[in-house]
Amino acid sequence: MSNDVLREIEITFFFTPDCESCEEVYEFIEENLERISTEIGVKVTLKPIEVFSHLSIAEELGIVAVPSILIGKRMIIGSKEKSELIDEIKEAIKEVVESE
């Protein structure tokens, strides 16, 4: 790999305060950001958005359930098995990288 600065990919995480699975999924993603970044070769950041405080954004993006994860143009909805979630996140990040 060259000395270029790593490309940054943002994971936008939509949640509500009363969603228990949202907290679990968020923490799981947060714990795995470095591993995902290293495996794909990009810097991955996690941006939480509380749906009730940002209704216009949620409505514009069609958020109908939480947790919802937006990566590029791909939306991952709901709680999933951890291995499946990691695979979907990595696939979505790769799609973003390849689309440029």
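The values are calculated or read from the model by the stated rules, or taken from the named source; none is laboratory data. Just so it is clear, the model here is predicted, and its values are computed rather than measured. Cβ: placed from backbone, ideal geometry, glycine included. Neighbour counts: every protein chain shown.
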Mind checking which residues of the stretch 25-80 are closer than 21 Å to Arg7 by Cβ and of a type in the set (Val, Ile, Thr)?
Ile29, Ile36, Thr38, Ile40, Val42, Val44, Thr45, Ile69, Ile71, Ile76
So which strands (runs of 3 or more DSSP E) stay within the stretch 9-100 end to end and still have 2 or more residues that are charged (D, E, K, R)?
43-50
Taking the stretch 31-71 as the search range and keeping residues that are farther than 14 Å from Phe14 by Cα and among the acidic types (Asp, Glu), which one is surrounded by the most Cβ atoms within 10 Å (Cβ to Cβ)?
Glu39
Quick one: is Glu24 surrounded by fewer than 15 Cβ atoms within 10 Å (Cβ to Cβ), among the acidic types (Asp, Glu) and on the phi < 0 side of the Ramachandran plot?
yes
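Matching residues to (1) hydrophobic (A, V, I, L, M, F, W, C); (2) on the phi > 0 side of the Ramachandran plot; (3) modelled with pLDDT under 95:
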site: Glu50; (1), (2), (3): no, no, no
site: Ser53; (1), (2), (3): no, no, no
site: Val66; (1), (2), (3): yes, no, no
site: Leu70; (1), (2), (3): yes, no, no
site: Ser83; (1), (2), (3): no, no, yes
site: Ile89; (1), (2), (3): yes, no, no
site: Val96; (1), (2), (3): yes, no, yes
Name every residue in the stretch 44-100 that is within 13 Å of the chain's Cα centre (by Cα) and hydroxyl-bearing (Ser, Thr, Tyr), in order of residue number.
Thr45, Ser68, Ser79
